[in-house]
1. Once both labels are modelled 7 Å past Cα along the beta-carbon direction, what's the GLU13-ASP37 spacing in nm?
2. Decide, for the range 1-64, between rounded, prolate and oblate: order the square roots of the alpha carbon gyration tensor eigenvalues as a ≥ b ≥ c, take rounded if a/c falls under 1.5, and otherwise choose prolate if a/b is larger than b/c, else oblate.
3. Taking 0.36 nm per residue of sequence separation and subtracting the Cα-Cα distance, how much length would be gained by fully extending the chain between TYR125 and MET100, in nm to one decimal?
4. Based on the alpha carbon coordinates of the range 54-122, what radius of gyration and maximum Cα-Cα distance (Dmax) apply, in Å?
5. Take TYR125, TYR53, TYR89 and order them by how many other Cβ atoms sit within 10 Å, fewest up front.
6. Using only the Cα atoms of the range 9-134, build the gyration tensor, take square roots of its eigenvalues as a ≥ b ≥ c, and label the shape rounded, prolate or oblate: rounded if a/c is under 1.5, else prolate if a/b is larger than b/c, else oblate.
7. Arrange TRP71, TRP165, TRP11 by Cβ neighbour counts within 10 Å, fewest through most, would you?
8. Given labels modelled 7 Å from the Cα in the Cβ direction, how far is it in nm from ASN134 to ASP57?
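Each value in this text was obtained by applying a stated rule to the coordinates, not by laboratory testing. None of these values were measured; they are calculated from a predicted model. Here Cβ is always computed from backbone atoms with ideal geometry, including for glycine, and neighbour counts include all displayed protein chains.
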Amino acid sequence: MTNEPQPDMTWSELIGTEGDARISEMQQRFVSLAGLDQGAREQQAESMIRAEYTLEDEPLADFTEARLRSWMGIAGDNLSQAQSVANAYDKAFERVPGGMAMHHAALVQTVARDRFTPEDMDVLYELVPRHVENVPRASQEAVEHSIGTQRLTAGTMSSGSKPWWKFW
């Protein structure tokens, strides 16, 4: 007999709440979660996770984005509080089935890559570093600008140097 927490379906029902209202409600829930002791925080986080992962993929991606944005909002006011909530979530994922944990890691990376700016990624790195450390942080525009600048400056030579093709 396992002693796993029951899913907190009131958590996953937040998917029916629209955008900013969902993020605000999540922030309130996470702030109260942060007030619990470590063991209770992890147990409640696991209950929230189990409910969250009853959602289908597309709503789950939207829910994950809102969760990450709510953590970022908390981090703007109190980084250590946001980190304690993110750490509780991370610890709780160590107790869920492996498939769920792997789905979580892939989903966080995908959502972070597709829906967040490089500036947002810096904040997320402070909260969930092992999930976002391999997500590119430079915007596509910055990369394209860098490549364009390199091409423009590659043809310039310092005085006295030979062109690359004159190797003799």
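1. Label at GLU13, label at ASP37, 3.0 nm between them.
2. Oblate, since a/c reaches 1.5 and b/c is not below a/b.
3. So the extension gain works out to 6.8 nm.
4. Rg then Dmax for the range 54-122, in Å: 12.4, 34.
5. The most exposed by this proxy come first: TYR125, TYR53, TYR89.
6. Numbers: a/c = 1.12, a/b = 1.04, b/c = 1.09.
Rounded.
7. On the way: TRP71 25, TRP165 6, TRP11 22.
So the ranking, lowest neighbour count to highest, is TRP165, TRP11, TRP71.
8. 1.9
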